[in-house]
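Okay, so here's the structure we're looking at.
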Amino acid sequence: AAISSASDAMNNRIQSDIKIIQVNENQATVDAWLKNTGSSEIDAVQNSDVFFGPEGDFARIPYGDSNSPLPYWNYQIESTDSQWMPADTSEIVIHLASSPAPDTYYLKVVIPNGIFDETLFGVD
């Protein structure tokens with residue numbers, strides 16, 4: 001059973017991929033759109049890890065909702081699916097305590113199986 005579950009996990013990693021396609025800063029929120037570029041559904045998006053902050057000084061941002069302390073992130077699938085299916089785009093919104101100062105910022109999103117994408121973007 002251990003061999004088949006390791007094989008299943010490896011297949012899941014091979015079939016999963018994400019790509020950060022756009023990041024916008026809008027006052028005290030950062031909006032990032034990610035595309036599921038793999039061939040499998042991405043489960044438990046809320047268990048993903050989101051890292052954000054100035055380049056070289058970023059932190060893990062916890063998942064949360066409007067009752068959570070700032071900062072937190074949440075997401076919305078940009079389609080009629082309730083699941084993040086292949087070719088679907090998901091919007092991740094990072095809610096901050098204040099607008100980010102002008103700088104170069106780092107964003108990394110790691111889905112639950114360890115696949116990730118990262119990007120740098122500037123805030124004027």
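Highest mean packing first, where packing is the average number of other Cβ atoms within 10 Å per residue, the peptides 97-105, 40-48 line up as 40-48, 97-105.
Each Cα pair under 8 Å and six or more residues apart adds its separation to the average, and for the chain the resulting relative contact order is 29 percent.
Computed from backbone phi, the HN-Hα couplings of the stretch 20-32 come to 6, 9, 6, 9, 10, 9, 9, 6, 8, 10, 10, 9, 10 Hz, rounded to whole numbers (Karplus: 6.51 cos²θ - 1.76 cosθ + 1.60, θ = phi - 60°; Gly and Pro given as x). For the stretch 90-124, the residues whose backbone nitrogen is under 12 Å from a point 7 Å from the Cα of residue 60, taken along Cα to Cβ, are 110. Averaged over its residues, the stretch 14-59 has an accessible area of 51 Å² per residue, based on protein heavy atoms and a 1.4 Å probe.
As a fraction of the 1.4 Å probe accessible area of the chain, surface on carbon and sulfur atoms comes out at 48 percent. With 0.36 nm allotted per residue and the present C-alpha distance subtracted, the residue 26-residue 119 stretch has 31.7 nm of extension available.
The values are calculated or read from the model by the stated rules, or taken from the named source; none is laboratory data. It should be emphasised that the depicted structure is a prediction, and the values quoted were computed from it without experimental measurement. Virtual Cβ from ideal backbone geometry, glycine too; neighbours counted across all protein chains shown. Each accessible area value is taken on the protein alone, full model and side chains, heavy atoms only, with ligands, DNA and RNA left out. Shrake-Rupley method; radii C 1.70, N 1.55, O 1.52, S 1.80 Å.
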